[in-house]
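Some notes on the structure that comes next.
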Amino acid sequence: MPRCDHAVFRVADLDRTVAFYERLLPATLVSRKQHADRWRTEIATLRPEGQDDFVLVFLMARRVRWLLWAFHTFVPRQMRSSEHLGFVCASRAELEERARIAREVGARVENALQEVEGKDGWILEVLDPDGNAIEWTHGVVHD
């Protein structure tokens, strides 16, 4: 059975995104490099703590980064898509800690920590600086 080993997102400001994920998840920067494409794309790879077989890859096309910024600024996330990163937490207390850190780093809390109706589970959703959603869950949320 194939397994997921990475997720890739385009971002408008690579420095801001790396700092955000290093603090919020936490994650460690694995590599950062300049791609040889015509867009002068910079690539940063981060490994979430405790996820030895999974990385997050962020791409920033320097020549057109203003376009991505405009898209994320003026088009509401729900109209763009429901894409998100999903992380499972071991306890509700861990979810509460994620919510605390999200507020501390200035992340926009899209859906505050809440119990999932009709299920024995909790969910928290915040947005990164580019409007990409990050979801943390505990218990039965998706089935």
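The values are calculated or read from the model by the stated rules, or taken from the named source; none is laboratory data. Small disclaimer: the values here were computed from a predicted structure and weren't measured. Cβ: placed from backbone, ideal geometry, glycine included. Neighbour counts: every protein chain shown.
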> Would you pick out the residues in the stretch 1-35 that are in a loop (DSSP other than H, G, I, E, B), within 11 Å of ALA61 (Cα to Cα) and aliphatic (A, V, I, L, M)?
Replying inline: VAL11, ALA12
> Which pairs have Cβ atoms under 6 Å, sit 6 or more apart or on different chains, and link a residue in the stretch 110-123 that is assigned to a loop (DSSP other than H, G, I, E, B) to one that is loosely packed, with under 13 Cβ neighbours inside 10 Å and aliphatic (A, V, I, L, M)?
Replying inline: LYS119/VAL140; ASP120/VAL140
> Which of the residues spanning the stretch 122-140 are buried (at least 17 other Cβ atoms within 10 Å of the Cβ) and either over 24 Å from MET60 (Cα atoms) or among the hydrophobic types (A, V, I, L, M, F, W, C) (or both)?
Replying inline: TRP122, ILE123, LEU124, VAL126, LEU127, ALA133, ILE134, TRP136, THR137, HIS138
> What is the residue count in the stretch 1-53 for residues that are hydroxyl-bearing (Ser, Thr, Tyr) and closer than 23 Å to TRP136 by Cβ?
Replying inline: 4
> Does the stretch 21-43 hold any residues that are at pLDDT 95 or above, of a type in the set (A, V, I, L, M, F, W, C) and surrounded by 14 or more Cβ atoms within 10 Å (Cβ to Cβ), and which are they?
Replying inline: ALA27
>> Could you check the stretch 1-20 and list, in sequence order, the residues that are of a type outside the set (A, V, I, L, M, F, W, C), modelled with pLDDT under 90 and either surrounded by 14 or more Cβ atoms within 10 Å (Cβ to Cβ) or under 24 Å from ARG100 (Cβ atoms) (or both)?
In response: ARG10, ASP13
